[in-house]
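Participant: Once you've had a glance at the structure underneath, I'll fire off some questions.
The values are calculated or read from the model by the stated rules, or taken from the named source; none is laboratory data. Since the model is a prediction, treat every value here as computed from it, not as a measurement. Positions of Cβ are generated from backbone atoms using ideal geometry, with glycine treated the same way; all protein chains shown enter the neighbour counts. For accessibility, only protein heavy atoms count, side chains too; no ligands or nucleic acids. Shrake-Rupley method; radii C 1.70, N 1.55, O 1.52, S 1.80 Å.
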Amino acid sequence: MYDADLSPQTEALWPTLSARMTSLEFRAAAPLIDEINRLKHERNAVILAHNYMTPDIFHGVGDYVGDSLGLAREAQRSDASVIVQAGVLFMAETSKVLCPDKRVLIPDPLAGCSLASSITAADVRLIRQRHPGFPVVGYVNTTAEVKAELDICCTSANAVQVVEQIAAEWGTDKVVLLPDEFLARNVARQTGVKIIAWAGRCEVHERFNAQDIWDLRAAYPDAEVLAHPECPTEVVEASHFTGSTAAMTDYIAKRKPARVVLITECSMADNIACESPGVEFVRPCNLCPHMKRITLQNIRDALLLDQFEVTVDEDVAARARAAVQRMVDLPPPAVAARYDMVKAMHHVAVELI
Ligand code: 13P
Ligand code: SF4
């Protein structure tokens, strides 16, 4: 395996991947990278890879890489017949909802999400009964059945924009935002809109606390700390910036901090480090067990064995599509304008259901 003939494209990945892989690891992964890229071509497939994939996947085989909003947009833009979602199940379902005529494959159907499994469609219907007259915004980290019950979907990249827009459209100062309690609290503080929230949590981001951030800032006073908005509010408040995984990537590309800490899943820092030789990453490491189910091996098997197909009931998909499409049709979020948003905080009530 180690002396396999590699394509020039795969050989050319070494300078990028050498930041996070040993040459032995690269030699072991390279034949699979070669095989996947050949299979993609044969099957007219694209690989949509989330920012939390490991660098061998992200840099080696991802055709489009990014956050959940970017991947949803790319699914729709792509003219491939097959989409392999290198991410978790809710992302693959979103691709299927947006692209009913494409074959969508997930390399491991058990790649779930603690937020998506925290709420059901019946819960959303009950919330509507209890809070009539308020728009219901749902995070993209939900099942297609839950999306089918929403007025509009959002991701961490555009939650602020979606909540501000729908509150203005409905002429209300209160919005239901499900299912991530911390995202809801962070959006409430950034927008001033009152939020009715659900007590869902991301099992990766809920583990950070404010003391972690103050300890990191004391140990590395020159480091810029960027936190994902799924983190507790106290963590976001103790950080320099909060934004989606794509917004963090953008921040580093534009501001080029000498030293940075990413308060999120730790493959994210690895992927950016491969392309940012001048930036030092301090790496507190929390892994998402769901994202880490996706490997080069099961991506290869997905393409070779045509598994595992993601299907969504047609009626559910049609209703979910309306909520997701409304979000995709919004103009892309103005990332740079939000660099200072941690400082712009409102004190508003969040009602937990
Ligand atoms: P992004 O939308 O920021 O990529 O986040 C998705 C996710 O699952 C974060 O935990
Ligand atoms: Fe879900 Fe959190 Fe994993 Fe993202 S990091 S997929 S929100 S559990």
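Participant: Considering only residues that are within 16 Å of ligand 2 (Cβ to nearest atom), in a helix (DSSP H, G or I) and either without any contact (Cβ under 8 Å) to a residue 60 or more places away in the chain or surrounded by fewer than 21 Cβ atoms within 10 Å (Cβ to Cβ) (or both), which ones fall in region 186-218?
Facilitator: Of everything in region 186-218, those that are within 16 Å of ligand 2 (Cβ to nearest atom), in a helix (DSSP H, G or I) and either without any contact (Cβ under 8 Å) to a residue 60 or more places away in the chain or surrounded by fewer than 21 Cβ atoms within 10 Å (Cβ to Cβ) (or both) turn out to be Asn186, Val187, Glu206, Arg207.
Participant: While we're on this one: Among the residues of region 35-67, count how many are buried (at least 21 other Cβ atoms within 10 Å of the Cβ) and farther than 18 Å from Ala273 by Cβ.
Facilitator: Adding up the residues that qualify gives 6.
Participant: So Lys102 clears everything in (1) within 16 Å of ligand 2 (Cβ to nearest atom); (2) more than 22 Å from Thr245 (Cβ to Cβ) except one condition, right? Which one?
Facilitator: (1)
Participant: Now for a different question. Would you mind finding the one in Val97, Val65 that is away from ligand 2 (no atom under 16 Å from the Cβ) and β-branched (Val, Ile, Thr)?
Facilitator: Val97
Participant: Answer yes or no as to whether Ala269 is closer than 17 Å to Ala159 by Cα, within 16 Å of ligand 2 (Cβ to nearest atom) and in a helix (DSSP H, G or I).
Facilitator: Here the answer is no, as Ala269 does not meet what is asked.
Participant: For the structure I just gave you, tell me whether Met327 is within 16 Å of ligand 2 (Cβ to nearest atom), surrounded by 17 or more Cβ atoms within 10 Å (Cβ to Cβ) and assigned to a helix (DSSP H, G or I).
Facilitator: No, not satisfied.
Participant: Here is a further query. One residue is enough: does region 145-167 have a residue meeting the conditions farther than 18 Å from Val187 by Cα, polar (S, T, N, Q), out of contact with any Lys or Arg (no Cβ under 6 Å at 6 or more places or on another chain) and in contact (Cβ under 8 Å) with a residue 24 or more places away in the chain?
Facilitator: No.
Participant: Here's something else I'd like to know. So which strands (runs of 3 or more DSSP E) are wholly in region 16-123 and hold at least 2 residues that are away from ligand 1 (no atom under 13 Å from the Cβ)?
Facilitator: Output list reads 45-50, 82-86, 103-105.
To keep it simple, each residue is scored yes or no on (1) crowded, with 23+ Cβ neighbours inside 10 Å; (2) closer than 28 Å to Pro107 by Cα; (3) touching a residue at least 24 places away in the same chain (Cβ under 8 Å); (4) under 21 Å from the mean Cα position of the chain (by Cα).
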position: Thr233; (1), (2), (3), (4): no, no, yes, yes
position: Val236; (1), (2), (3), (4): yes, no, yes, yes
position: Pro257; (1), (2), (3), (4): no, no, yes, no
position: Cys266; (1), (2), (3), (4): no, yes, no, yes
position: Pro277; (1), (2), (3), (4): no, no, yes, no
position: Gln297; (1), (2), (3), (4): no, yes, yes, no
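Participant: Could you tell me which residue of region 219-231 is farthest from ligand 1 (Cβ to nearest atom), considering only residues that are open to solvent by 30 Å² or more (accessible area, probe 1.4 Å) and farther than 24 Å from His346 by Cα?
Facilitator: Looking at the filtered set, the residue picked out is Pro221.
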